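Structure record follows, encoded as structure tokens.
The values are calculated or read from the model by the stated rules, or taken from the named source; none is laboratory data. Every value quoted in this text rests on a predicted model; they were computed, and no experiment measured them. Neighbour counts run over all protein chains shown; Cβ positions are idealised from the backbone, glycine included. In case anyone asks, the SASA skips ligands and DNA or RNA and just uses the protein heavy atoms, side chains included. Shrake-Rupley method; radii C 1.70, N 1.55, O 1.52, S 1.80 Å.
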Amino acid sequence: MEHILPSYLSRRDGDLWLTEDEHDHLKVSYRIKEIVFEQKSPFQDVMILDSYSFGRMLVLDGIVQTTSMDGHIYNEMISHVPMSIHPHVKKVLIIGGGDCGAAKEICKYAGVEQIDMVEIDELVVKACREHLPKVSGRLSDSRVQFIFDDGVKFAKGKKNEYDLIIVDSSDPIGPAQVLFEKSFYQSLHTALKEDGLMVCQSQSPIFHLDVMKQTYTRISNLFKEAKMYTAVVPTYPGGLWSFTIGSKHYSSPNPSKVRDKDTHYVNEQIIQSCFALPQFLV
Ligand code: SAM
């Protein structure tokens, strides 16, 4: 019996296509070689697809999350930039990050003693460690504690505990919607040590300007320092992507900290220049 495909997968002239529905007037399609993994979790449809243009990709409910070809850009930017600002990170909290790419980058810092990774969906971690090694690195560092829970619930109970919190969430729909709320950022502020800092992916300045601005406002109202930086991630809608830092104390990056970290995108020049924003974002 023909395999019933979810609405975002279709067959055309014998080829399999993933069509990501950005919004009413924009769809992006990827030609797919093979469905490597597919399973419905209690939270979302989890797929690992092998695409012609971007290699293997993690797709959640039909939305491309990260790919073998460009996942390192995002994962290096969300990890090494805040690590260049805080001089002595020992304890890290990652909320989301199920592809394990951000945790893999943080593990490159010998000074980090513990990484609590709070991912709501254990199936995402299982699928990525097994079928997306280019991104996950089959993460198995003993400093990483996997906690399969809701990030909002977990953060609520923490006080003065972390040097760095990374919110590596999916888009503000489905389970990740709560990770963009003011009360959540407030709980992160409480969970951070007195000189701690947080970073979150703050969506596309092209297609989600309102969410990006709202995120920046909420964080800048809470933290002594708030800074936005950008990078281009080809598989994200519109390419240009934003990240927002909220810091209780430190604000200037030390680019030399990235020097020996075996990165493929981030380097000292990128860390120095990524805070330069285009005129429409200033
Ligand atoms: N690095 C990619 C990106 O740029 O979007 C993907 C990030 S990662 C795949 C996003 C993760 O957030 C998913 O694995 C999802 O299950 C997780 N997530 C969504 N809502 C969550 C919540 N409330 N608590 C913890 N994890 C959550």
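Tally time: how many residues in the range 96-111 are touching a helix residue (DSSP H, G or I) at 6+ places or on another chain (Cβ under 8 Å), at negative phi and assigned to a loop (DSSP other than H, G, I, E, B)?
From the range 96-111, those touching a helix residue (DSSP H, G or I) at 6+ places or on another chain (Cβ under 8 Å) are 96-102, 104-106, 109; that's our starting set.
Of the ones still in play, those that are also at negative phi are 98-99, 101-102, 104-106, 109.
Checking which are assigned to a loop (DSSP other than H, G, I, E, B) leaves us with 98-99, 109.
Of the residues in that region, 3 qualify.
Given the criterion among the charged types (D, E, K, R), away from the ligand (no atom under 14 Å from the Cβ) and under 26 Å from Ala226 (Cα atoms), identify the matching residue among Lys33, Lys91.
On the way: Lys33 fails: under 26 Å from Ala226 (Cα atoms).
It is Lys91.
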Residue pairs meeting the criteria (Cβ under 8 Å; at least 6 apart or on separate chains; first free of Cβ contacts under 8 Å to residues at least 60 places away in the same chain, in the range 255-268; second open to solvent by 50 Å² or more (accessible area, probe 1.4 Å) and in a loop (DSSP other than H, G, I, E, B))
Glu268/Arg259
Which residues, taken from the range 95-151, are open to solvent by 50 Å² or more (accessible area, probe 1.4 Å) and either near the ligand (Cβ under 10 Å from one of its atoms) or of a type in the set (Phe, Trp, Tyr) (or both)?
Glu122, Phe146, Phe148
Anything in the range 30-66 that is free of Cβ contacts under 8 Å to residues at least 60 places away in the same chain, small (Gly, Ala, Ser) and open to solvent by 20 Å² or more (accessible area, probe 1.4 Å)? List them, or say none.
Ser53
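Does Ser84 satisfy the condition of being open to solvent by less than 30 Å² (accessible area, probe 1.4 Å), touching a helix residue (DSSP H, G or I) at 6+ places or on another chain (Cβ under 9 Å) and either within 14 Å of the ligand (Cβ to nearest atom) or part of a strand (DSSP E or B) (or both)? I'd like the intermediate steps shown before the answer.
Values: open to solvent by less than 30 Å² (accessible area, probe 1.4 Å): yes; touching a helix residue (DSSP H, G or I) at 6+ places or on another chain (Cβ under 9 Å): yes; either within 14 Å of the ligand (Cβ to nearest atom) or part of a strand (DSSP E or B) (or both): no.
So Ser84 does not fit the description; no.
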Restricting attention to strands (runs of 3 or more DSSP E) lying wholly within the range 112-195, give those where 1 or more residues are free of Cβ contacts under 8 Å to residues at least 40 places away in the same chain and under 12 Å from Cys100 (Cβ atoms).
114-118, 144-147
